[in-house]
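Asks: Input: one structure, supplied below.
The values are calculated or read from the model by the stated rules, or taken from the named source; none is laboratory data. What you are looking at is a predicted structure, and each value in this text was computed from that prediction instead of being measured. Note that we place each Cβ from the backbone using ideal geometry, even for glycine, and neighbour counts take in every protein chain shown.
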Amino acid sequence: MSIATLTLNPAVDVTHEIKRLIPDRKVHALATRYDPGGNGINVSRALKRLEVTARTFCVLAGETGQFLERLLSKHLDDPAYIHIPGETRINCTLLELEARSQYEVSGVGPYLDPSHLQELQSGFVQHVADGYGVVTGSVPPGVPDTIYADLVKAIRAHGGRPILDAHHELLRKGVRAGPFLVKPNRYEIEQLIGRKLEGITEVAQAVRQLLGQRRNIDYICVSLGEEGAILSSASKTWHAFPPKVEVRSTVGAGDTMVAGLVAGFVQGLEEPEILRLAVACSAGTVMQPGTELFDPADLPRLLWQVTIELLD
């Protein structure tokens, strides 16, 4: 079964650990790290750690893109790159150690013209004709906000299972197209439903409402931070309580949750165990610095610490 991720707006992620941020003062980093960035790339990196092979389709541009390609050579097994003019963006994360705060600045990606977009789309959709296609993350200038909806429809038409994790109109329009699975966070499910949600029960009710409205969606998984996650099908809803871990950085937590979901489905696990794996991967990632992902050696312990309850 083929699996692929799509990253239209990749980045080089630069993480600085600092003692504290002082306005109008030069601050020296205590540590700096460079990682490949982009949601789809993170999903592929996490899948590799779960021993699941996925092809990574992404766009590279300029010297920053060349640097990103060198970084990716250590992390990916089967990349498919398209090179375009411009410069791949740089994202910066500041980890303020004294206040235990985190600041993120996302750069602007290069313009992606329709011909390059079509080339990437075509290869991606054909690759996942009988498998799972993960469409996730922001899009660069030149790409319409209907792109994920178009991809969801195309993957479905080719017999694949599209998995969607996006924001704003990309999410709203993508949901209408009927992905196999969509993974919003609490804020995003509130935006889709149109009201504030208080507590796990209200989130679960909102998910069931959305599944009732969009019967072409098979699953919805809502990430809830310290409260874990909810996975719901048309007939059942489960809630996972996460392990209690020391949070060092939340970057990549949602992406590794998506990877855990994909790996669980590919491995043929039952829904509660799919959710358990996804939450364990996410918990393992927040334990790591910067944009580093979970350590596979931690997973057996974290899996044991995840508690699952059936909500209905």
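Asks: Checking S73 against (1) surrounded by 18 or more Cβ atoms within 10 Å (Cβ to Cβ); (2) over 20 Å from Y132 (Cβ atoms): exactly one of these is not met. Which one?
Replies: So S73 meets the others, but not (1).
Asks: Take I84 and tell me if it is more than 17 Å from the chain's Cα centre (by Cα), buried (at least 20 other Cβ atoms within 10 Å of the Cβ) and touching a residue at least 24 places away in the same chain (Cβ under 8 Å).
Replies: When the stated conditions are applied, I84 passes them.
Asks: Filter the strands (runs of 3 or more DSSP E) completely within the range 204-312 down to those with at least 1 residues that are of a type in the set (D, E, K, R) and over 22 Å from R156 (Cα atoms).
Replies: 307-310
Asks: So V135 passes all but one of these: (1) surrounded by fewer than 23 Cβ atoms within 10 Å (Cβ to Cβ); (2) within 18 Å of the chain's Cα centre (by Cα); (3) hydrophobic (A, V, I, L, M, F, W, C). Which condition number does it fail?
Replies: Condition (1) is where V135 drops out.
Asks: Give the residue, chosen from T7, T32, that is crowded, with 24+ Cβ neighbours inside 10 Å and of a type outside the set (G, A, S).
Replies: Sole residue among the options that is crowded, with 24+ Cβ neighbours inside 10 Å and of a type outside the set (G, A, S): T7.
Asks: Going by the conditions given, is V43 within 15 Å of L164 (Cα to Cα), in contact (Cβ under 8 Å) with a residue 60 or more places away in the chain and touching a strand residue (DSSP E or B) at 6+ places or on another chain (Cβ under 7 Å)?
Replies: Criteria met by V43.
Asks: In the list K196, K173, which residue meets the criterion of being touching an Asp or Glu at 6+ places or on another chain (Cβ under 8 Å) and not in a loop (DSSP other than H, G, I, E, B)?
Replies: On inspection, the qualifying residue turns out to be K173.
Asks: Look through the range 264-312, keep the residues that are small (G, A, S) and surrounded by 18 or more Cβ atoms within 10 Å (Cβ to Cβ), and return whichever of them is farthest from I163 (Cα to Cα).
Replies: G290
Asks: Could you grab the pairs with beta carbons closer than 8 Å, sequence gap of 6+ or different chains, first residue in the range 219-248 and touching a residue at least 12 places away in the same chain (Cβ under 8 Å), second one of a type in the set (G, A, S) and surrounded by fewer than 17 Cβ atoms within 10 Å (Cβ to Cβ)?
Replies: Cβ pairs passing all conditions: Y219/S233.
Asks: Would you check if there is a residue in the range 11-29 being at pLDDT 90 or above, surrounded by 15 or more Cβ atoms within 10 Å (Cβ to Cβ) and outside any strand (DSSP E or B)?
Replies: There is no residue in the range 11-29 that is at pLDDT 90 or above, surrounded by 15 or more Cβ atoms within 10 Å (Cβ to Cβ) and outside any strand (DSSP E or B).
Asks: Given the structure, is F294 within 17 Å of A54 (Cα to Cα) and of a type in the set (F, W, Y)?
Replies: Criteria not met by F294.
Asks: Filter the range 44-103 down to the residues that are in a strand (DSSP E or B), within 30 Å of V27 (Cβ to Cβ) and of a type in the set (G, A, S) and list them by number.
Replies: A61, S101
Asks: Now a separate question. Please go through the range 287-310 and give me each residue that is more than 24 Å from I200 (Cβ to Cβ) and out of contact with any Ser or Thr (no Cβ under 8 Å at 6 or more places or on another chain), ordered by number.
Replies: D295, P296, A297, D298, L299, P300, R301
Asks: Next up: So which residues in the range 279-296 are hydroxyl-bearing (S, T, Y) and out of contact with any strand residue (DSSP E or B) (no Cβ under 8 Å at 6 or more places or on another chain), if there are any at all?
Replies: T285
Asks: Now for a different question. Applying the selection to the range 138-170, what residues are in a loop (DSSP other than H, G, I, E, B) and at positive phi?
Replies: Selection gives G142, G159.
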